[in-house]
């Protein structure tokens, strides 16, 4: 029987993501308090007529029209009168209900309700959402678009959008522009650059890093103005896999090295001062999937957003075998939530990666056709 070479202490993916998240500083919101009642006045929630409900279906003379933003004090709704009103407009004095347009019979300057109005109908009452001084958001809340809108509503400063700068650099002396049979072109660099940009980062592609610890240390000590460095290669167990030792020698904090995932076991994350180094494996499928999992988390944390959830659910159209000890991300083509497994040809198979729409999470033991499974969408 074949024996697994996996170490029993490999870090589960969720734990690795947690460590990364908690190690990074986050830009969050201060406490937000209501500066006034919300709404600050009784407002119409429908287009219609503002009137006195107690008069029932009696005809009313229309005094005029109120639009959102109009000062309602120019009208006084007395018995037998009403004011045409638009959604969001403040209620005129004397009115306590709205009859929607479709429930009115209008003749010239007279409107008659077709229903029996009740006090408060279609009125957003002052302070129903919040009272002045209420706590709207606790300190430390992550930023999102809705919370930006709330800041604007309360007249507070809106944080400038953050564009995290990411550097992308492959490692390896085998990377050359015009390769001989024993060499290769750098495909990981352009791939990771495109992914980082698709995720909203301001990314730049740098020259490949040599398999030399002195040169590698010099590069890491002078990263420029980037906040995250994505590297690929140099993190496994080979004689020229120098990145882990170089980072340790420079005093970096190693968040984790080696995770329980196939492909992508050698994944490394470290903090060198303010620089986050995501050391991806060198094989393209491993590099891509690790970047797809970890880079969105890092960007969200640094930008002050909530942790992303990249997983979707679908069903396999065919069985996937999984004899290893680690969860497997298996390439699939995706159509309407159905995952058609592609032949798995290893983590160096860039062709299958380019053809895949998704990667399904397969636990050890495998899954049968029709099984429900979570998956990552390829960007």
Given an 8 Å cut-off on Cα distances and at least 6 residues of separation, report the relative contact order of the chain as a percent. 15
Project the alpha carbons of segment 113-233 onto their principal axes and report the range along each, largest first, in whole Å. 87, 36, 17
Taking the alpha-carbon centre of each part, the distance from segment 344-364 to segment 28-54 in Å is 53
Cα-based convex hull volume of the chain per residue, rounded to whole Å³: 210
Listed peptides 142-150, 289-297 by packing density, highest first (mean Cβ within 10 Å): 289-297, 142-150
Give the share of C-alpha pairs in each 10 angstrom bin for segment 43-124, from 0 to the last occupied bin, in whole percents, shortest bins first. 23, 62, 16
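The numbers here are math on the coordinates, done by the rules we state, and not lab data. Keep in mind it's a predicted model, so treat the numbers as computed, not measured. Heads up, the Cβs are rebuilt from the backbone with ideal geometry, glycines too, and the neighbour counts pull from every protein chain shown.
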